[in-house]
1. Let me make sure I get this right: for the stretch A:83-160, a, b and c are the square roots of the gyration tensor eigenvalues over alpha carbons, sorted descending. Under 1.5 in a/c it's rounded, otherwise prolate if a/b > b/c, else oblate. Which is it?
2. Which FRET efficiency value, to the nearest 0.05, is calculated for B:Leu237 and A:Glu119 with the Förster distance at 35 angstrom and r the Cβ-Cβ distance?
3. Could you give the length gained on full extension between B:Ser277 and B:Ser3, defined as 0.36 nm per residue of separation minus the Cα-Cα distance, in nm?
4. If we count GluC sites (Glu not before Pro) as exposed when they sit in a DSSP loop and have at most 16 other beta carbons within 10 Å, what is the longest stretch of chain A that avoids them all?
5. Give the Rg/Rh ratio for chain A, taking Rg as the radius of gyration of the Cα atoms and Rh as the Kirkwood radius, to two decimals.
6. Which number do you get for Rg(Cα) / (2.2 N^0.38 Å) in the protein assembly as shown?
7. Considering only Cα-Cα distances, which of the following residue pairs are longer than 32 Å: A:Lys63/B:Lys225; A:Lys29/B:Lys225; A:Lys44/A:Lys137; A:Lys73/A:Lys101; A:Lys3/B:Lys93; A:Lys121/A:Lys175?
8. Using 7 Å Cα-to-Cβ label points, what is the B:Met117/B:Phe267 separation (nm, one decimal)?
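Bear in mind these aren't lab numbers, they're just calculated from the coordinates by the rules spelled out. Just so it is clear, the model here is predicted, and its values are computed rather than measured. When we count neighbours, we look across all protein chains shown, and the Cβ atoms used for this are built from the backbone with ideal geometry, even at glycine.
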Amino acid sequence: MEKTIIECDNVSFHYEHSTVLEDISLEVKEGEFWALIGPNGSGKSTLINIILGLLKPDQGNIKLFGQNIDSFKQRERIGYVSQKSNSFNSGFPATVLEVVKSGLARKIGLFKSFTKHDEQKAMDALRVVKMDDFANKNIGELSGGQQQRVFIARALVGEPDLLIMDEPTVGIDQKNVASFYSMLNALNREHGIAILLVTHEVDLVTELATHVACLNRSIHFHGNRSDYKKMNDADISAWYGHPVRRVHQDEKEGQR
Amino acid sequence: MISALFTYEFLQNAFLSGLIIGIIAPLLGLFIVVRRLALIADALSHVALAGIAGSLYLSQSVLFFSALNPVYLGMAAAVGGSLLIEKLRGTYKHFEELAIPIILSTGIGFGAIFISMAKGFGADLVGYLFGSVSAVSRQDLWIIIIIAIVVIAFIRSFYKELFALSFDKEYAKVSGINGKVIQAVFMIITALVIGASMRIVGILLVSSLMTIPVAAAIQLAKSFKGAMLYSILIGELSVIVGLFVAYHLDIAPGGTIVITSIIILLFVLGWNKVKGSYHSRKVKGDFA
């Protein structure tokens with residue numbers, strides 16, 4: 001049986017007087033690709049921050065790789081790509097390679113320096129995201145989509161078992177989004193990396209993900225993709241708060 | 001100056017100290033600048049002023065302080081100030097930059113009180129404010145050498161962590177790097193470098209040697225390692241030219257060193273502009 005990687009057990013979270021998350025229970029197992037979808041302000045990012053340990057839940061419990069989050073030390077097993085690809089200072093004097101190598105800092109450990117081998121690993125990670133030609137470019141010279149690929153390489157370089165991404169396609173050219181998702185697909189299928197992807201793109205991602213969780217303060221649905229597809233648009237609209245109409249595969253075929 | 005350098009011990013002290021701080025001040029300054037903390041060095045140097053003025057004042061009445069190098073109390077004050085800044089940055093989470101003017105004013109406030117209470121250390125004080133070629137003792141030189149060893153060991157040991165924290169604090173935190181401890185040590189080291197540098201460049205100009213060479217370097221470098229190398233080269237060049245001019249014209253080295261670095265910065269900015277317009281013309285030409 002596959003091992004459980006993320007286990008949320010009855011997690012709740014409040015900001016001041018408003019409840020952001022209520023009784024969230026979710027399990028992500030080895031090799032699964034989860035899409036966490038929900039409207040703006042549904043608590044998606046808050047849930048991710050709780051799973052990453054950046055926020056503490058008011059109630060409930062988080063386990064990562066079977067260990068309680070407070071005692072979880074193997075942080076290098078998680079690769080993280082944040083929503084704000086422009087959270088860094090774009091004038092920062094660093095090359096793409098230097099940025100990717102920084103993803104190894106924790107794994108190498110204190111008091112040790114980067115070796116040639118680490119540089120090789122960083123190049124390998126850049127090859128996975130097809131950015132190896134840009135290794136010696138300044139990070140600020142790249143486009144938003146290219147930078148996001150570099151940040152994925154930084155998340156991958158430590159060979160994580162789990163990749164957590166918070167709306168990684170925000171700010172990426174629409175025409176590049178599809179190739180971005182097919183890259184994620186390859187990471188999941190070929191490298192066996194479990195993925196938890198937060199997105200509001202209801203269509204594209206549910207064609208790739210093996211599992212879907214619908215969040216709007218509480219979890220309204222979670223399960224595998226085929227069950228998600230069986231739900232009708234009216235049900236989804238009800239929890240989304242406004243009408244949602246998914247594009248179905250057969251319609252897409254028809255358009256071509 | 002070259003022959004005098006072999007003759008006079010005070011010149012050797014000044015020159016060697018200058019060469020060392022020309023390395024460590026911009027090296028640490030690079031991490032300060034990329035984290036947008038350039039003003040912290042200013043705040044800490046003014047706290048050091050309070051320590052130095054306090055030590056000079058006490059030396060007039062308390063025997064213990066008359067034998068004590070004022071640099072020690074200056075450094076201790078800067079270290080204390082650095083810890084207070086960290087604490088205040090936590091208190092004012094949404095106004096982190098507020099910690100800097102609070103600490104800076106506290107430093108100047110105490111400095112002004114000690115200076116007005118004491119009578120007659122004007123000449124000494126000018127040396128501390130703007131630097132001095134003649135005031136660096138052998139003891140000062142040894143302090144500077146020890147601090148340099150500590151700084152370089154710290155940056156070598158924590159280069160990965162410092163880079164990760166400077167580039168992307170949130171990611172560093174998620175990946176399990178203990179930013180709090182490293183940040184606290186970093187602040188203490190910054191205070192020590194300020195203490196080490198103030199003999200040569202003076203309290204008022206210490207922060208310039210930490211930031212101006214870096215400002216020029218990041219215009220030239222694509223990589224972080226490159227920025228580090230350029231920062232140190234420009235720092236060294238400024239110190240050598242500045243000390244040389246200061247000695248021959250008999251003026252405060254702080255001024256000459258900093259103005260040299262400003263001239264280098266202007267030259268770099270001008271060069272980039274010329275290069276930039278050449279490039280854009282070339283690109284336009286390619287399209288035409």
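1. In terms of gyration-tensor shape, prolate.
2. After rounding to 0.05, the efficiency reads 0.70.
3. 94.1 nm is the gain from fully extending B:Ser277 to B:Ser3.
4. Counting only loop sites that pass the neighbour cut-off, the longest clear stretch is A:31-200.
5. 0.97
6. Taking the Cα Rg and dividing by 2.2 N^0.38 Å, one obtains 1.17.
7. The answer is A:Lys63/B:Lys225; A:Lys29/B:Lys225; A:Lys44/A:Lys137; A:Lys3/B:Lys93.
8. 4.6
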